[in-house]
Amino acid sequence: MNAMTKEWIEVGAVDDVPVRGARRVHTQAGEIAVFKCADGSLFALRNRCPHKGGPLSEGIVHGHGVTCPLHNWVIDLSTGEATGADKGCTPQIPLKVEDGRIFLDGAAIAKLAA
Amino acid sequence: MGKQKLVIIGNGMAPGRALEKLFEAAPGENGGTSAFDVTVFNAEPRVNYDRIMLSPVLAGEKTFDDIVIHGDGWYIKNNVTLYKGHKITEIDRTKKTVTSDTGVTEGYDKLIIATGSSPFIIPVPGHDMAGVVSYRDLDDVHAMMLAAKKGGRAVVIGGGLLGLEAAAGLQMQGMEVTVLHIMPHLMERQLDPAAGYLLQRSLEARGIRVHCKANTKAIEGEGRVSGVRLDDDTLYPADIVVMAVGIRPNAGLGKLAGLEVNRGIVVTPDMKTSDADIYALGECAEASGQVFGLVAPLYEQAGVVAKNLLGGSAEFHPSATATKLKVTGCDLYSAGDFGEAKDREEIVLRDPTRGVYRRLVLKDNAILGAVMYGDVSDGPWFFDMIKRGTDISEMRETLIFGQGYQGGASADPMAAVAALPDDAEICGCNGVCKGTISKKITELGLTSLDDVRAHTKASASCGSCTGLVEQVIKLTLGDAYQANAIQPMCTCTDLGHDDVRRLIKAKSLKSIPAVMQELGWKTSCGCAKCRPALNYYLIADWPGEYEDDGKSRFINERVHANIQKDGTYSVVPRMWGGMTSPAELRAIADVAEKFNIPAVKCTGGQRIDLLGVKKEDLPAVWADLNAAGMVSGAAYAKGLRTVKTCVGTDWCRFGTQDSTGLGIKLEKFLWGSWTPAKLKLAVSGCPRNCAEATCKDIGVICVDSGYDIHFAGAAGLDIHGTILLGHADSEEEAIEIIGALTQAYREQGRYLERIYKWQRRVGTETIRAAVIEDRANRKALFDRFVFSQKFAQIDPWAERVAGKDAHEFAPMAELAPMQAAE
Ligand code: SRM
Ligand SMILES: Cc1cc2nc3c(=O)[nH]c(=O)nc-3n(C[C@H](O)[C@H](O)[C@H](O)COP(=O)(O)OP(=O)(O)OC[C@H]3O[C@@H](n4cnc5c(N)ncnc54)[C@H](O)[C@@H]3O)c2cc1C
Ligand code: SF4
Ligand code: FES
């Protein structure tokens, strides 16, 4: 298979993700966290905090950010970057919604494994 | 000398004032004026009276005679011809005459139209029935007083100034009164929602029913009113209905005469209509596109008209107006423009204990508007500054407290406070004066605001005098004092925890969005600091009403287990008082094997920890533990953790009381409760203290005579022995004291503030007084705790085993290896 294939993988329904919450998607390349903000916007990030690998899916979601449950870094969901004084970035996975279903970019997930 | 003829149509407050000015500026030899022969026509059959004082007449506080401005004698003395009960129906501008409905015609050189306005009657079905009155003149007042003589029910439609004055008056006359107001809050033109709310509360407290957002559909009755029906079909029975929904300028006569008329009779700044010989004055006039319904601007107009009649060139330019409600006991004042806008700032003072509310709206260092409720003494002072556009930057810090706090010539807040005498009251809520504060600071060596609060109570209630208290500290300590302003909860708000807690109660805020909305949160949905705190405050303050927001809880409290460094969880079941049994131990061992749990450990809290449980396994692990009778040990909670015990009289040769039994009772009583920070207890059977009770949040040391209750210990980041709070003779009393203490802490503690920090902030004496000495208060606290436990003692594990929050534990999707790995 070609690593560059644009492949959208369906992971579930928009309604499966609680508002101001997150769900996890298990993949061979590790966990992905899918977040839903108060305004309904959805984001997917690798579920590993750039600090010490904390599971971001378990954090408190506020605005377009999540506070890591382990040591309170705040990660910007739209970029995967740590905010404030903290430095670090977790990969973002492109996501699209069609007919109320959520799709993740397969190529980006494949890249995580690399 | 040919005097000109001045004719005035209408004998209200505005022309009355114009005549006074005229007579003053150009007095005649025998009274009146040398410039004009004056004739006044008035449709109302009476002299000029103070219309705004009709409300005190209605309320029975004044008589009509008390409110007359110009009695019959005045007209005689000043050679004014007054036609009472003559309504002018025609102006002939070519002949320069006016004609009344009784057929009197009078010629004029100069004419003033001052016909005022008429009440607006909403044309709902039944509006013309007997028993429907408006509120404008003495006749209306008499009609209302007559109706009130028979008692019964009154409905006032309109919750503006007039409607509320009518309502209060009718109620004073013994009627049962309901006010229907179409807007969400009373007097919306003069008050902001907060003041409108306070006003409504105080009217309701005196027995007037208020229904806002009430849309009248019909007035019902047969020949005479019997009730008012709203569009949602609510029916309010009524023997009299007062319509007070607004006024319309009486501009009809001007229109008939061909003058330019818009909403009112249009005048130029010199108060002349489109006919240079005719002035319009008062509520019927429209100046600069505005019509006016308060006397202050009308009196200004009167002065302009008087000057111009004498050949002057004065101009009227509208400025801010101020309103006061004349209902005894409801003190409110509003002035200027107090709407919100981006470029405006506001200063708010709230003192719930005194029922005081003040809000100033500022723009570019000038006051634009002021709303005041409760204490309106500074109204005129603020109003004066609004009109002058005074630059307030120098007195900004003390501005809201009013004129009394501004030191004469100097506006330096420090100088102002320095100038206050020792007996000047600084904290209104707690009646603390300046001298008391400075004396305590010196005597006790206090150095911080918190200390001063704890020892004097100054600024400890509503906090609005905090700035002043800080200035007193500064004055007393000099440079030694570093002001530390109230620490905001987080960057989403400027409010500190105490203010937020107070306002949640004062404003009955019952959800996180309501708090954020009402208290002006700066972010759309808060942050990881404020949301858990608000969630706690709401759950503690509104037991049974507030619905817990899991999304505002830290992960541990959301999934009822402790997250570990690798994303697995630890599980700690309760072992009441540290007691366990072979059956429980067997169940724990089985669970550990069944789910491959890598570590089992005795905790420092006398129970067993299962570490390294996968998140997906949590519900199944709990199901097995539940089946063996165990519930969550809440090892993760800002709530009750453990009650450690020693073996006590059951086994120990020194034991004085059943410490194990009491520990179990306490844990069974307290489990499930949420507290500001974690809460740990211990009960030792004698002063040897094997359960380490004297370093716990709450500790009990059993002695021969009963139970010594300790609190405010610390053995974590800080180490402190406990403080002895009091003594209980029986287990029941010990439990009551501990329940009350826990509740006091729940109600006052700031989120994440352990008991020992709360004790330092509030003071042991205050806590002791509340939970030991004041028996009634202790009982009330205890009862509130018991009530809230009704909603708290539900095992969260069992709920999740039953399916609650299932999405938390299962992943949304498991992607097949092929799909992800290319
Ligand atoms: C498991 C346990 C250690 C042990 O193996 O024995 C433990 C484990 C943790 N303690 Fe503790 N504490 C444990 C007894 C204690 C004790 C001893 C006691 O309770 O008698 C103390 C000192 C008393 C006290 O509470 O002050 C203690 C003082 C702390 C502190 C300092 C609190 C403070 O205000 O000073 C923290 C940090 C905090 O809460 O912010 C903390 C925090 C923690 C956390 C929750 C750290 C964290 O946030 O992850 C640890 C969780 C581990 C886990 O996943 O289970 N733990 N911790 C003990 C569980 C007791 C239980 O059965 O519930
Ligand atoms: C109960 C009540 C309480 C109030 N409280 C306050 C307050 O607290 N503060 C405040 O600032 N204002 C208050 N007001 C408003 C204030 O009273 C009026 O703004 C003010 O009286 C208006 O004065 P005016 O001279 O323009 O009109 P009016 O005082 O209304 O006088 C107009 C007069 O003209 C007569 N008239 C009308 N048409 C003709 C005609 N064709 N021919 C002859 N005569 C005619 C009318 O009979 C009336 O007597 C209150 C008003 C009421 C009714
Ligand atoms: S002392 Fe408590 S917080 Fe520190 S490592 Fe041990 S268990 Fe964790
Ligand atoms: S692992 Fe996320 S903040 Fe430390």
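Any residue in segment B:638-650 that's at pLDDT 95 or above and among the polar types (S, T, N, Q): show its pairings with residues that are in a helix (DSSP H, G or I) and away from ligand 4 (no atom under 16 Å from the Cβ) at Cβ separation under 6 Å, as long as the two are six or more apart or on different chains.
B:645/B:577; B:645/B:578; B:645/B:659; B:645/B:660; B:645/B:663
For the subset of segment A:44-65 comprising residues that are within 11 Å of chain B (Cβ to nearest Cβ) and hydrophobic (A, V, I, L, M, F, W, C), which member is farthest from ligand 4 (Cβ to nearest atom)? Outline the logic, then answer.
Restricting attention to segment A:44-65, the residues satisfying the condition of being within 11 Å of chain B (Cβ to nearest Cβ) are A:44, A:47-49, A:52-65.
Of the ones still in play, those that are also hydrophobic (A, V, I, L, M, F, W, C) are A:44, A:49, A:56, A:60-61.
On the way: A:44: 17, A:49: 3, A:56: 7, A:60: 12, A:61: 14 Å.
Residue satisfying both the conditions and the ranking: A:44.
Name the single residue, out of those in segment B:527-542 being crowded, with 23+ Cβ neighbours inside 10 Å and aromatic (Phe, Trp, Tyr), that is farthest from the other protein chains (Cβ to nearest Cβ).
B:537
This table checks each residue for (1) assigned by TED's automatic domain parsing to the domain that holds residue B:670; (2) more than 28 Å from residue B:680 (Cα to Cα); (3) free of Cβ contacts under 8 Å to residues at least 40 places away in the same chain.
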| residue | (1), (2), (3) |
| --- | --- |
| B:490 | no, no, no |
| B:502 | no, no, no |
| B:511 | no, yes, yes |
| B:545 | no, no, yes |
| B:573 | no, no, no |
| B:579 | no, no, no |
| B:583 | no, no, no |
| B:600 | no, no, yes |
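Looking at segment B:606-614, is at least one residue among the polar types (S, T, N, Q) and within 16 Å of ligand 4 (Cβ to nearest atom)?
Filtering segment B:606-614 down to residues among the polar types (S, T, N, Q) leaves B:606.
From what is left, the residues that are within 16 Å of ligand 4 (Cβ to nearest atom) are none.
Within segment B:606-614, not a single residue is among the polar types (S, T, N, Q) and within 16 Å of ligand 4 (Cβ to nearest atom).
Would you be able to say whether some residue in segment A:76-83 is surrounded by 20 or more Cβ atoms within 10 Å (Cβ to Cβ) and either within 12 Å of chain B (Cβ to nearest Cβ) or farther than 24 Å from residue B:551 by Cα (or both)?
no
Can you confirm whether segment A:66-73 contains a residue that is within 11 Å of chain B (Cβ to nearest Cβ), at negative phi and more than 16 Å from ligand 4 (Cβ to nearest atom)?
We begin by selecting, within segment A:66-73, every residue within 11 Å of chain B (Cβ to nearest Cβ); these are A:66-73.
Applying the additional criterion that residues be at negative phi yields A:66-71, A:73.
Filter once more, keeping what is more than 16 Å from ligand 4 (Cβ to nearest atom): none.
Checked against the condition, which is being within 11 Å of chain B (Cβ to nearest Cβ), at negative phi and more than 16 Å from ligand 4 (Cβ to nearest atom), segment A:66-73 yields no hits at all.
Is it fair to say residue B:567 is buried (at least 18 other Cβ atoms within 10 Å of the Cβ) and either under 30 Å from residue B:659 (Cα atoms) or within 16 Å of ligand 2 (Cβ to nearest atom) (or both)?
Working: buried (at least 18 other Cβ atoms within 10 Å of the Cβ): yes; either under 30 Å from residue B:659 (Cα atoms) or within 16 Å of ligand 2 (Cβ to nearest atom) (or both): no.
So residue B:567 fails the test.
May I ask you to verify whether residue B:144 is away from chain A (no Cβ under 14 Å), away from ligand 4 (no atom under 16 Å from the Cβ), part of a helix (DSSP H, G or I) and closer than 20 Å to residue B:219 by Cα? Lay out the reasoning, then the answer.
Numbers: away from chain A (no Cβ under 14 Å): yes; away from ligand 4 (no atom under 16 Å from the Cβ): yes; part of a helix (DSSP H, G or I): yes; closer than 20 Å to residue B:219 by Cα: yes.
Here the answer is yes, as residue B:144 does meet what is asked.
If you check residue A:17 against the conditions, is it within 13 Å of ligand 4 (Cβ to nearest atom) and within 12 Å of another protein chain (Cβ to nearest Cβ)? Let's see the steps before the verdict.
Values: within 13 Å of ligand 4 (Cβ to nearest atom): no; within 12 Å of another protein chain (Cβ to nearest Cβ): yes.
Spelling it out, it is not the case that residue A:17 is within 13 Å of ligand 4 (Cβ to nearest atom) and within 12 Å of another protein chain (Cβ to nearest Cβ).
What's the total number of residues in segment A:24-43 that are touching a helix residue (DSSP H, G or I) at 6+ places or on another chain (Cβ under 6 Å) and facing chain B (nearest Cβ under 7 Å)?
So the count comes out to 4.
Filter segment A:26-42 down to the residues that are modelled with pLDDT of 95 or more and crowded, with 24+ Cβ neighbours inside 10 Å, then identify the one that is nearest to ligand 4 (Cβ to nearest atom).
Looking at residues that are modelled with pLDDT of 95 or more and crowded, with 24+ Cβ neighbours inside 10 Å, I get A:33.
Every residue in segment A:86-110 that is of a type in the set (Lys, Arg) and either loosely packed, with under 14 Cβ neighbours inside 10 Å or out of contact with any strand residue (DSSP E or B) (no Cβ under 9 Å at 6 or more places or on another chain) (or both), please. Steps first, answer last, please.
So the first thing to find is which residues in segment A:86-110 are of a type in the set (Lys, Arg), and the list is A:87, A:96, A:101.
A:87, A:96, listed by residue number.
Would you say residue B:174 is surrounded by fewer than 20 Cβ atoms within 10 Å (Cβ to Cβ) and either in the same structural domain as residue B:350 (by TED's automatic domain parsing) or free of Cβ contacts under 8 Å to residues at least 60 places away in the same chain (or both)?
yes
The values are calculated or read from the model by the stated rules, or taken from the named source; none is laboratory data. Keep in mind it's a predicted model, so treat the numbers as computed, not measured. Cβ: placed from backbone, ideal geometry, glycine included. Neighbour counts: every protein chain shown.
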